[in-house]
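Data block below; observations after.
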Amino acid sequence: MPPPLGKTPTKKMPNIQVFGLEDDNATRAALRFFRERRIVVHFVDLRKKPIAAGELRRFTDRLGAAALLDTESRAYREQG
């Protein structure tokens, strides 16, 4: 097992950004996952700072628009 990466980013450390809501269980689990492994992440709370248009475009280019939708959510079903 490699040594822990610590709290200071290095050239070998990936640049990880977590976008989510501070009180969301999935977001907290992701942050806990990285913290337990001593990996530095940049957390963006979507209530305080919404996703910029360029970031959203980058996500859709890389993942596709369907990957960004939660088709099981109540809001999605209500919108048809």
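Could you grab the pairs with beta carbons closer than 9 Å, sequence gap of 6+ or different chains, first residue in segment 26-55 and at positive phi, second one open to solvent by 50 Å² or more (accessible area, probe 1.4 Å) and of a type in the set (D, E, K, R)?
From segment 26-55, the pairs are 38/7.
Taking only segment 48-69 into account, find how many residues are assigned to a loop (DSSP other than H, G, I, E, B) and exposed (fewer than 10 other Cβ atoms within 10 Å of the Cβ).
Step one: filter segment 48-69 for residues assigned to a loop (DSSP other than H, G, I, E, B), giving 48-52, 64, 69.
With the extra rule that they be exposed (fewer than 10 other Cβ atoms within 10 Å of the Cβ), the set shrinks to 48-49.
The qualifying residues number 2.
The values are calculated or read from the model by the stated rules, or taken from the named source; none is laboratory data. Every value quoted in this text rests on a predicted model; they were computed, and no experiment measured them. Heads up, the Cβs are rebuilt from the backbone with ideal geometry, glycines too, and the neighbour counts pull from every protein chain shown. Side chains are part of the model used for accessible areas, which takes the heavy atoms of the whole protein and leaves out ligands, DNA and RNA. Shrake-Rupley method; radii C 1.70, N 1.55, O 1.52, S 1.80 Å.
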